[in-house]
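Here the structure is laid out as structure tokens; the discussion comes afterwards.
The numbers here are math on the coordinates, done by the rules we state, and not lab data. Because the structure is predicted, anything quoted here is derived from the model rather than measured.
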Amino acid sequence: MKALVVYDSAHGNTRSVAEAIAGSLDGVQASSVPVGDFKPDTLAAGDLLVVGSPINGWSPTPKITALLAALGDGSLKGVKAAAFDTRVRMFIHGDAAKKIAHALKAGGADIIAEPMPFYVKGTEGPLRDGEIEKAGSWAGALLTSLRS
Ligand SMILES: Cc1cc2nc3c(=O)[nH]c(=O)nc-3n(C[C@H](O)[C@H](O)[C@H](O)COP(=O)(O)O)c2cc1C
């Protein structure tokens, strides 16, 4: 089994979260992959796909949206999946992770965790205190779901 953490990132914050998740998937062959380098046909049933995006105007970035739109019905059949986003802490901030999870499910993936938000202090970051540790904990929860 392998795990790919696919991300888009303008300022490096989502990349940092993706790297922390991949680095905390102990015992799994895990790597973080920029969205432009991701090839869905490298995933097999039982593998883990995590997709993360900054929220851009209440949605995933255009590159993540294009990736999700290109997934055919059932192309992720048997793949385990989870989604996260990075966002600012505002009264109204929209959501990207839920949209990503919905698209992954539509592609046939088995969603193994609730979509997870990670918070930045401003448009360019940095991440709020504790978010890298939260990414590690979330990866641990993903591992638990994978093995149950
Ligand atoms: C064009 C644009 C639109 C954004 N829209 C939102 C938004 O709707 N909600 C939100 O919480 N953050 C929004 N943000 C802030 C981003 O979520 C933040 O820049 C991102 O988490 C930083 O991640 P990155 O360093 O990986 O690019 C927006 C940022 C940009 C540049």
### Query
Going by the alpha-carbon gyration tensor, a ≥ b ≥ c the square roots of its eigenvalues, is the chain rounded (a/c under 1.5) or, if a/c is not under 1.5, prolate (a/b greater than b/c) versus oblate?
oblate
### Task
Rounded to the nearest 10 degrees, what's the angle between the helix 97-106 long axis and the longest principal axis of the chain, both from Cα atoms, 0 to 90?
20 degrees
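Using only alpha carbon pairs under 8 Å that are at least six residues apart, calculate the relative contact order of the stretch 2-147 and give it in whole percent.
Details: 300 pairs, mean separation 37.3, N = 146.
Over the stretch 2-147, the number comes to 26 percent.
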### Query
So what are the ³J(HN,Hα) numbers for the stretch 110-126, from phi and the Karplus equation (6.51, -1.76, 1.60; θ = phi - 60°), rounded to whole Hz, Gly and Pro as x?
9, 6, 9, 8, 5, x, 10, x, 10, 10, 10, 7, x, 3, 9, x, x
### Summary
So Ala70 and Glu124, fully extended at 0.36 nm per residue minus their Cα-Cα distance, gain in nm 16.6 nm
### Query
On a 0 to 90 degree scale, rounded to 10, what angle separates helix 131-147 from the longest Cα axis of the chain?
20 degrees
### Query
How far, in degrees from 0 to 90, does helix 13-23 lean away from the longest principal axis of the Cα atoms of the chain, to the nearest 10?
40 degrees
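Please report the antiparallel percentage of DSSP beta bridges with both residues in the chain, rounded to the nearest 5. Display every interim value, and only then the final one.
Details: 2 of 27 bridges.
Taking every DSSP beta bridge within the chain, about 5 percent pair in antiparallel fashion.
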